[in-house]
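Quick notes on the structure that follows.
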Amino acid sequence: MVTTSAMYESLVKIVGKDYISNQTEERYFYARDGGLMPAHEPDYIVLPKTPEEIQEIVKLANREKVPIVPTGAGLALTGLVIPKKGGIVLDMKRMDKILEVNDKARYVVVEGGTTQGTLKSHLQKHYPHLRHSIPDSPPVATIVANAVIHGQGRLAHQHGFNSDMVSGLEVVLPTGELCRIGSCSLSSYWFSKGPPLPDLSGLFLGWFGATGIITKLGLKLYPCKKMRDVMLFLTDRVELVPDIMLKLSHTEMVEDVNVSAQPLPLRYKGTFWIMAYITGDSENELEFKRKMVWDALWEHFENRDVGLMSVSPDMKEPLMLMPSKDLTRFADVSKGGGFQYAGPITPIEKFPAFIKKLEEVATKHNVFYASTTRLIGAGHCMMFSFSFSFNRANPDEMARAKEALDECSKFALEEGSMLWKADIDEQKLLMESMDPNTLNLMKNLKQLLDPNGIMNPGNWEVK
Ligand SMILES: Cc1cc2nc3c(=O)[nH]c(=O)nc-3n(C[C@H](O)[C@H](O)[C@H](O)COP(=O)(O)OP(=O)(O)OC[C@H]3O[C@@H](n4cnc5c(N)ncnc54)[C@H](O)[C@@H]3O)c2cc1C
């Protein structure tokens with residue numbers, strides 16, 4: 001039933017009656033994501049169109065001390081868009097424009113709700129020589145939210161986290177001011193998010209919307225070569241995987257390195273599939289890169305520790321997809337399945353210990369697992385995924401998957417990892433382990449930016 005509360009009417013005045021709801025079914029939908037964190041309903045769902053509307057909403061929420069939770073596609077899966085204290089869910093999907101492509105300075109400026117799929121098809125159509133670092137999340141995932149959670153995509157090996165590729169921000173601060181970060185604060189160019197000035201983007205990236213709402217984002221673009229190929233290596237020697245990743249990285253010829261491990265079908269069990277993606281503008285360039293990669297692993301081939309698997313056209317097609325559909329298939333979403341993964345960011349030397357833990361935990365909690373690792377930077381770290389699938393109709397299985405994830409996260413933290421897109425339980429673990437002075441700095445920054453604690457409350461709440 002639609003209430004006629006003063007808050008509701010004030011929100012209608014800002015966005016218009018078609019873009020606000022407090023209907024039961026919508027509150028039900030926005031109360032949850034695809035993962036395992038408990039649901040909690042918002043009071044209002046609002047779909048703004050402009051930064052000015054967001055400013056008005058934020059000012060109103062501040063006066064009334066009502067929480068605001070910005071949401072993209074809700075695919076982070078760790079409850080980051082669940083409105084833990086009710087209030088307003090700000091769905092960014094109407095702010096979906098590509099505002100500018102500067103193909104000489106190689107960046108794009110997008111609105112706060114523009115999706116990965118929209119940018120990918122825009123570039124393919126109008127700027128086929130340019131590309132961005134596409135994550136393997138479904139195409140409806142938003143570019144801003146992926147940067148906010150420090151996501152990683154297909155260019156992670158060469159250029160780091162997707163947030164490293166941000167080249168400017170426009171943010172509505174929690175008190176309602178509109179603020180630009182980077183070169184765009186000085187001119188109409190969006191080529192740098194900070195350097196050579198103090199880099200203020202860190203006040204917003206990684207904060208899960210708890211310090212402001214990003215309304216525009218500049219993103220660096222990179223050359224898109226005409227051809228792409230994948231080389232697939234197999235080994236059953238888990239202890240060799242870090243060395244193989246480093247050797248592949250040393251060639252500086254690969255765009256992306258992924259390692260997958262899963263127990264089913266049985267022929268995969270105990271085998272690690274290492275995918276090295278290469279690109280080129282000609283068959284000669286590709287062939288040269290193939291040879292460099294081949295030479296880098298030659299010693300392992302000679303020792304018969306690693307094999308190169310020939311990839312048939314049928315097999316290549318799914319491997320080449322961007323985004324990949326592997327994880328979605330793993331969860332078997334069409335049959336009511338779900339999955340969640342803890343994705344510690346960690347030194348690559350940890351790979352064997354993490355695989356051992358993954359297998360142990362899956363057996364202990366009787367859950368099905370899969371893991372995909374992505375190399376980030378020139379071997380600086382990797383994202384290792386402890387992924388568990390579950391059936392949504394089986395609460396016991398969901399509880400076991402959550403226990404398994406919690407155990408893996410605790411283990412990863414003890415092993416020196418940083419927990420990626422941490423749910424609130426993991427955020428607590430991180431904050432308990434953090435240097436107290438660092439934590440105090442975070443607390444002061446949050447207090448300074450969001451004095452009334454209205455922004456995505458529950459997240460990064462330093463006591
Ligand atoms: C099958 C599958 C595969 C995946 N593969 C990858 C992968 O390869 N790489 C990867 O990085 N991730 C991956 N993910 C995780 C996740 O889906 C992505 O990172 C995705 O980009 C998140 O975008 P979203 O729009 O769904 O974010 P949401 O879940 O909607 O939001 C994430 C966070 O951003 C905040 N936020 C949203 N919009 C704004 C805004 N305008 N201003 C401030 N804060 C905001 C939210 O409050 C929340 O805290 C995968 C997920 C799935 C389901």
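The values are calculated or read from the model by the stated rules, or taken from the named source; none is laboratory data. Keep in mind the model is a prediction, meaning the values are calculated, not measured. Quick reminder, even Gly has a Cβ in these numbers, built from the backbone with ideal geometry, and neighbours come from all protein chains shown. In case anyone asks, the SASA skips ligands and DNA or RNA and just uses the protein heavy atoms, side chains included. Shrake-Rupley method; radii C 1.70, N 1.55, O 1.52, S 1.80 Å.
Other residues whose C-beta falls under 13 angstrom from the C-beta of ASN258 contribute a net charge of -2, scoring Lys and Arg +1 and Asp and Glu -1.
What does the convex hull of the Cα atoms of the chain come to per residue, in Å³, rounded to a whole number?
Cα convex hull per residue, to the nearest whole number: 151 Å³.
Only lysine pairs 8 or more places apart or on separate chains count here, and in segment 1-101 those with Cα atoms under 16 Å apart total 7. Near ASN284: Cβ cut-off under 11 Å, other residues only, Lys/Arg at +1 and Asp/Glu at -1. The net charge is -1. Apply the a/c threshold of 1.5 to the C-alpha gyration tensor of segment 149-197 and tell me whether it is rounded, prolate or oblate. Oblate, because a/c is 1.5 or more while a/b does not exceed b/c.
Taking amide H atoms as placed 1.01 Å from N in the peptide plane, the amide H of TYR30 has no partner under 5 Å among residues 5 or more positions away or on other chains. Each of the peptides 238-245, 438-445 was scored by the mean count of other Cβ atoms within 10 Å over its residues; in descending order, highest first, they stand as 238-245, 438-445. Counting protein heavy atoms only, segment 5-66 has 51 percent of its accessible area on carbon and sulfur, 1.4 angstrom probe. Over the chain, dividing the summed -39,500 (n - 2.57) contributions of all DSSP H runs of at least 4 residues by the number of residues returns a 222 nm mean residue ellipticity of -10000 deg cm²/dmol.
Loop-located trypsin sites (Lys or Arg not before Pro) across segment 240-349 with a Cβ neighbour count of 14 or fewer within 10 Å are LYS269, ARG304, LYS325, with loop assigned by DSSP.
The distance between label points at GLN124 and ASP236 comes to 3.9 nm (points 7 Å beyond Cα on the Cα→Cβ vector). Distant-in-sequence amide contacts of TRP273, defined by a placed amide H-H separation under 5 Å and a gap of 5 or more residues or a different chain, comprise SER260. Within straight-line reach of LYS104, meaning a Cα separation under 23 Å, sit the following lysines at least 8 residues removed in sequence or on another chain: LYS120, LYS125, LYS193, LYS216, LYS220, LYS225, LYS226.
Find how much the distance from GLU432 to LEU264 grows on full extension, using 0.36 nm per residue of separation minus their present alpha carbon separation; answer in nm with one decimal.
On the way: separation 168, 0.36 × 168 = 60.48 nm, distance 3.68 nm.
Length gained, GLU432 through LEU264: 56.8 nm.
Among the protein heavy atoms of segment 270-399, carbon and sulfur supply 55% of the accessible surface, probe 1.4 Å, non-protein parts ignored. Sparse packing (at most 11 other Cβ atoms within 10 Å of the Cβ) combined with a DSSP loop state is found for the following trypsin sites (Lys or Arg not before Pro) in segment 24-65: LYS65.
Estimated from the Cβ-Cβ distance and a Förster radius of 22 angstrom, the FRET efficiency linking ILE98 and LEU197 is about 0.25. Projecting the Cα atoms of PRO457, PRO67, SER310 onto the dipole axis of the chain, where Lys and Arg carry +1 and Asp and Glu carry -1 at the beta carbon, places PRO67 farthest toward the positive end. If only the Cβ of Lys and Arg carry +1 and only the Cβ of Asp and Glu carry -1, the dipole of the chain around its Cα centre is close to 660 debye.
Determine the shape class of segment 1-123: with a ≥ b ≥ c the square roots of the Cα gyration tensor eigenvalues, call it rounded for a/c under 1.5, and otherwise prolate if a/b is greater than b/c, oblate otherwise.
oblate
Stretching the chain fully between LEU441 and MET292 yields a gain of 49.0 nm (0.36 nm per residue, less the alpha carbon separation). With contacts taken as Cα pairs under 8 Å at a separation of at least 6 residues, segment 361-457 carries a relative contact order of 18 percent. Packing here is the average count of other Cβ atoms within 10 Å per residue, and on that basis the peptides 423-429, 89-95, highest first, run 89-95, 423-429. For the chain, relative contact order (Cα pairs under 8 Å, six or more residues apart, normalised by length) works out to 15 percent. Each residue of segment 253-261 was assigned a 3J(HN,Hα) from its phi angle through the Karplus curve 6.51 cos²θ - 1.76 cosθ + 1.60 (θ = phi - 60°); the sequence is 10, 9, 7, 8, 10, 10, 10, 10, 9 Hz, with glycine and proline shown as x. Taken per residue, the accessible surface of the chain reaches 44 Å², heavy atoms only and a 1.4 Å probe.
Taking the Cα centre of each part, how many Å lie between segment 216-258 and segment 1-74? Each part's Cα centre sits 41 Å from the other's.
Lysine pairs in segment 277-366 with alpha-carbon atoms under 19 Å apart, 8 or more places apart or on different chains: how many are there? Going through segment 277-366 pair by pair, I get 4. Per-residue 3J(HN,Hα) values for segment 148-159, derived from phi via the Karplus relation 6.51 cos²θ - 1.76 cosθ + 1.60 with θ = phi - 60°, read 4, 9, 6, x, 9, x, 5, 9, 4, 5, 7, 10 Hz in sequence order (x marks Gly and Pro).
Here the label points at GLN23 and ARG304, each 7 Å from Cα along the C-beta direction, are separated by 6.6 nm in the simple model.
By a 1.4 Å probe calculation restricted to protein chains, TYR8 has an accessible surface near 20 Å², given to the nearest 10.
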